[in-house]
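Structure, as structure tokens:
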Amino acid sequence: MAVHLDVVSDYTTEAFLAAFRRFVSRRGLCEEVYSDCGTNFVGADRELRELFRASSSDSRRIAHAATTEGVKWHFNPPSAPHFGGLWEAAVKSAKHHLRRVIGESTLTYEEMSTLLAHVEACLNSRPLQAFTDDSDDISALTPGHFFVGAPLLAVPEPSLTQEAETTLSRHIQRMRDHFWQRWSQEYILALTPRPKWQKREKSPDVEALCLVRSELTPPSRWPLARITKLHPGNDGVVRVVTIRTSTSELVRPLVKLVLLPGTNDAAPPPGTA
């Protein structure tokens, strides 16, 4: 699931409609929209229906055929955010870490928009599964592929998490780095299987695509590799493997690797598919 983040000046129908028009201009018109029962969303549904009705009466044509029937809005029951499923889980995760990254800081509209753009790129860079079945292809499908047809890559910049803030741009970059460190670790933990101790975990498959754990990975970069050889111990349990990255071959313990969903029967993490 891809994520789009935007900033509004207030919690009104007019502000939401402005953000919705920006979304449509960049991503295309939605046939169906799902949301909670916020008063701004309910008002937007009513206003959009009237806009489409007026558009039809004036005989104006809109590019997509479904737009002539308007946007169909679906509302969750009141006080039931869990009905949102995956998208509510994604919103919850992003808001959880944003609150801790921003803290007591006060950001301007431009600063908040810039930070959210960075956060959106981080969220949409996460690897979902192997991009192809080709064992020589060390790339993963990401939500960014659904937006631009390719992975979203950030401009390479040094990490500022341990440096003093000297300029405003560095302050925003430092917040982005902190968000990346917190959220990427959460996503990796969500991908990590937790079998009961009574059950022996299945050995990985050769050529399976995996994520290499690293604390020095810059934002939106995920070190990927293919498993090329298994090294079973005396008890027959595989704890060490040889992996092939885009530049070299390495020997790594399995605890430093995370199999992507779709490989070796790995399950997708809850709320992050």
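Bear in mind that the values in this text are calculations on the coordinates, not laboratory data. Predicted, not measured: the structure shown is a model, and the values here were computed from it. Cβ coordinates were reconstructed from backbone atoms using ideal geometry, including for glycine residues, and neighbour counts include every protein chain displayed.
Taking 7 Å along the Cα-to-C-beta vector as the label spot, tell me the LYS72-LYS229 distance in nanometres, rounded to one decimal.
5.6 nm
Taking R0 as 35 Å, what's the FRET efficiency between GLN129 and SER9 from their Cβ-Cβ distance, rounded to 0.05? Please report the intermediate quantities before stating the final value.
Working: r = 38 Å, r/R0 = 1.10.
Between GLN129 and SER9 the formula returns 0.35.
Of the peptides 104-117, 138-151, how do they stack up when ordered by the mean number of other Cβ atoms within 10 Å, highest first?
138-151, 104-117
Long-range amide H contacts for ALA130: which residues qualify at under 5 Å (H placed 1.01 Å from N, peptide plane, sequence gap of 5 or more or a different chain)?
LEU141
Could you give the size of the charge dipole of segment 208-259 about its Cα centre, using +1 on the Cβ of each K and R and -1 on the Cβ of each D and E, expressed in debye and rounded to the nearest 20?
Value, rounded to 20: 100 debye.
May I ask you to order 9-17, 225-233, 120-128 by the average number of other C-beta atoms within 10 Å around their residues, highest value first? Each step should come with its number before you reach the end.
Working: 9-17: 14.2, 225-233: 16.0, 120-128: 21.3.
Ranking the peptides 9-17, 225-233, 120-128 by packing returns 120-128, 225-233, 9-17.
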